[in-house]
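Here's the structure we're looking at; comments come further down.
The values are calculated or read from the model by the stated rules, or taken from the named source; none is laboratory data. Nothing here was measured: the structure is a model prediction, and the numbers come from that model. Neighbour counts are summed over all protein chains in view; Cβ atoms, including those assigned to glycine, are modelled from backbone coordinates with ideal geometry. For the accessible areas, the whole protein counts, side chains as well, though only heavy atoms, and no ligand, DNA or RNA atoms are used. Shrake-Rupley method; radii C 1.70, N 1.55, O 1.52, S 1.80 Å.
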Amino acid sequence: MPKRPATRTTAAPRTAGAAAQTGLEAPARARNDASLLAKLGIGSKLDLVLHLPLRYEDETSLTPIAQAGEGAAVQIEGEVVACDVAYRPRRQLVVKLADATGVCFMRFLNFYPSQQKALAHGARVRAFGEMRPGFFGGEMVHPRYRVLRGPEPLPEALTPVYPTTAGLSQHALRRMIDEALASADLSDTLPEEMRARLGLAGFAESVRLLHHPEPDTDAGGLRGRTNPAWRRIKFDELLGQQLSMRAHYRARSREAAPSLAPGALTAALRAQLPFRLTRAQERAWQEIERDLGRAHPMHRLLQGDVGSGKTVVAALAVLRAVESGRQAAVMAPTEILAEQHYRKFSQWLGALGVRVAWLTGSQKKAERRKTAAEIAAGAIPVAIGTHALFQEGIGFRDLALAVVDEQHRFGVRQRLALREKGETGGALPHQLMMSATPIPRTLSMSYYADLDVSVIDELPPGRTPVVTKLVADARRDEVIGRIRAECTEGRQAYWVCPLIEESEALELKTAIETHARLSAELAGLSVGLVHGRLPAAEKAAVMDAFAAGRVQVLVATTVIEVGVDVPNASLMVIEHAERFGLAQLHQLRGRIGRGVAESVCILLYQRPLSDGARRRLQIIYETTDGFRIAHEDLMLRGPGEVLGARQSGVPLLRFADLATDEPLLRAARAVADELLERDPSAAARHMQRWMGGRADLLKA
């Protein structure tokens, strides 16, 4: 007997068949489908093929109603023996189903009249859902169901459940994906020899298995994404990322940049420094110096823990541009950090007769215009500032080096805009990016594969280790007493206000109230206040007073996270520390321990603590190793959060997991250069399949 179609009820008031009857509504439905698919990032057949299931449901068998255990997702089949609209506690449709073993109920809190009509007494229904205890017995709330019009064979494979969006049903998605599987190009992009060597399954068989796994497929391997099909998909995704980034890396090596030759200024700076560079600083400088001497643009990331001495290495790079007769720009994400750089660079470079200017959005127009004109004329060789450096109207006569500090805080377009200001005569400026947030190895291998990386992995001698203490908010008075004692002995303290992400205004109000309260509780001490809304001149005045010791206690929001260097400050209190992320806590703690006195960071927390907050506080308490903290942060938050608002320019991984797939990442990294060298056409096909047009910002 030929199979008759089942009537499938959905939340939509009009069925697909109804739309097809007019002939005019089909194009509108197709346009609507395309719009809904676009919300999921799907724009092609191949995107549909790679829209893989979140999970699977087993509809290959039926469970007798009497054997359907509570809490288990099961498929049952029975006859409707009652269908009623109940009004308590709210209007709902209650359907009573019976089979040879027992009865259960289907409950719908939202329903259409057509559903009530279809589920009339005597209808044969197959339903899938989680059985729960109800007032009259077992029940399914809003199960997926079908009203059977005749014998209906059970599926022979597990049923995939896909990520979707409102208005796009699982049934419609499955239909479109099956059509794509039948017509898309699923040919393998990996050479057969390479695939065999890596022990990888074929691409076509892998995607077909993931969309239609057989009932005997290992459910654990599907759930844990460890079976051969998932392994192939994850490898391909990682390889697509690596190929795209390495291709951009190779393309940059063919571009031109000014070759910066050694001169007297870098040697003069080193001679006047009151300290010797550490071995790690020397190694990083040699790598940067080598790149700057080449006629191809440097694209290097300089990373090191808080206080490891990145700034002086950047100053040497800046001087290399100046002594070659060219200009350098240093861009920082906040005015406090930009001003800190300006002070340091002015101190070091000013003594050598090098003019340094700074440019920020808060400067008066006349002052900015004058400074911008001198930069454009080449009269000022070193410009330091915030995002104002890449705004329209700011130009350089001969920009040879762009230094971007805390680069993850800038968008890709912003970094590109600064670099493009240095494009002259077909040559690009060198680019040095810096980060005081150490980057975990797997993240560096994956999202920074287009960069050369220098690591400063030791602290200068004389840095005092910071002692971290966890203190409950109930002991706040003891903490205030500790601050008074420290300041009475001539030292200084920070009090960092709680982070209130949902409201900048509320965060500002809290900072002002905290300042007023501490001023009263610490009578006799000078208590200052800095926050992001404070005018630049007032902020600078408070910071100057704190640096000079005229202010003993500085109440601050996270504007002091980077760029503040006051060696006499030996105590920091972070209020509501449970609200902060690991990277922020580590950065804030790095503001102390810069002098000879023992430094203490007190993390004030409020009970009860969530599991995540408890874990973060435990990690920051146990270690001051920035690389371990960064690794733990990656494990807790994932790469999207750690990278910062997806600003790397590289699409985030959908399938591979950096926490568990490092072996696959290593293999993909090794294969990428080999494929680009030996089979560039295969590399191009693979990039197109996995990256499409999404890799255009990698050059930033």
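Laid out as a table, the results:
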{"quantity": "Of all residues in region 168-185 being assigned to a helix (DSSP H, G or I) and of a type in the set (S, T, N, Q), the one that is farthest from VAL207 (Cα to Cα)", "calculated": "GLN170"}
{"quantity": "Selection count, region 439-457, where residues are open to solvent by less than 10 Å² (accessible area, probe 1.4 Å) and in contact with a strand residue (DSSP E or B) (Cβ under 6 Å, 6 or more places away or on another chain)", "calculated": "2"}
{"quantity": "The lone exception for THR165 - which of (1) of a type outside the set (Phe, Trp, Tyr); (2) within 30 Å of GLU77 (Cβ to Cβ); (3) in contact with a helix residue (DSSP H, G or I) (Cβ under 8 Å, 6 or more places away or on another chain); (4) not in a helix (DSSP H, G or I) it fails", "calculated": "(2)"}
{"quantity": "Some residue of region 56-63 being modelled with pLDDT of 75 or more, among the hydroxyl-bearing types (Ser, Thr, Tyr) and open to solvent by 60 Å² or more (accessible area, probe 1.4 Å)", "calculated": "no"}
{"quantity": "Filtered residues of region 554-577 (kept if modelled with pLDDT of 85 or more, crowded, with 24+ Cβ neighbours inside 10 Å and within 25 Å of the chain's Cα centre (by Cα))", "calculated": "ILE574, ALA577"}
{"quantity": "Any hit, region 467-483, residues being touching a Gly at 6+ places or on another chain (Cβ under 8 Å) and either modelled with pLDDT of 95 or more or not basic (Lys, Arg) (or both)", "calculated": "no"}
{"quantity": "Unique match (being in contact (Cβ under 8 Å) with a residue 24 or more places away in the chain and surrounded by 24 or more Cβ atoms within 10 Å (Cβ to Cβ)) among SER308, SER324, SER362", "calculated": "SER308"}
{"quantity": "Residue satisfying condition, being of a type in the set (Phe, Trp, Tyr), modelled with pLDDT under 90 and closer than 18 Å to ALA86 by Cβ, within set PHE135, PHE108", "calculated": "PHE135"}
{"quantity": "Helices (runs of 4 or more DSSP H) lying entirely in region 186-286 (those with 3 or more residues that are open to solvent by less than 20 Å² (accessible area, probe 1.4 Å))", "calculated": "203-211, 228-253"}
{"quantity": "Residue among ALA383, ALA357, ALA351, ALA372 that is open to solvent by 50 Å² or more (accessible area, probe 1.4 Å) and among the aliphatic types (A, V, I, L, M)", "calculated": "ALA351"}
{"quantity": "Every pair of residues 6+ apart whose Cβ atoms lie under 7 Å, when the first sits in region 515-526 and is under 14 Å from ARG476 (Cβ atoms) while the second is open to solvent by less than 60 Å² (accessible area, probe 1.4 Å) and among the aliphatic types (A, V, I, L, M)", "calculated": "LEU518/VAL527; LEU518/VAL553; LEU518/VAL555; GLU521/ILE480; LEU522/ILE480; LEU522/ILE483; LEU522/VAL553"}
{"quantity": "Matching residues in region 652-689 - criterion: being of a type in the set (A, V, I, L, M), in contact (Cβ under 8 Å) with a residue 40 or more places away in the chain and farther than 16 Å from LYS234 by Cα", "calculated": "LEU675, LEU676, ALA682, ALA683"}
{"quantity": "Residue check, ASP398 closer than 30 Å to ARG279 by Cβ, in contact with a strand residue (DSSP E or B) (Cβ under 8 Å, 6 or more places away or on another chain) and among the acidic types (Asp, Glu)", "calculated": "no"}
{"quantity": "Region 124-144, subset touching a residue at least 12 places away in the same chain (Cβ under 8 Å) and outside any strand (DSSP E or B), residue farthest from the chain's Cα centre (by Cα)", "calculated": "PHE136"}
{"quantity": "Test: ARG484 is open to solvent by 30 Å² or more (accessible area, probe 1.4 Å), closer than 19 Å to VAL600 by Cβ and outside any strand (DSSP E or B)", "calculated": "yes"}
{"quantity": "Tally of residues being of a type outside the set (S, T, N, Q), open to solvent by less than 40 Å² (accessible area, probe 1.4 Å) and modelled with pLDDT under 90 across region 508-528", "calculated": "2"}
{"quantity": "Single residue of region 578-602 satisfying the filter (under 20 Å from HIS515 (Cβ atoms) and out of contact with any Lys or Arg (no Cβ under 6 Å at 6 or more places or on another chain)) that is surrounded by the fewest Cβ atoms within 10 Å (Cβ to Cβ)", "calculated": "ARG579"}
{"quantity": "Region 69-123, subset among the small types (Gly, Ala, Ser) and assigned to a strand (DSSP E or B), residue surrounded by the most Cβ atoms within 10 Å (Cβ to Cβ)", "calculated": "GLY78"}
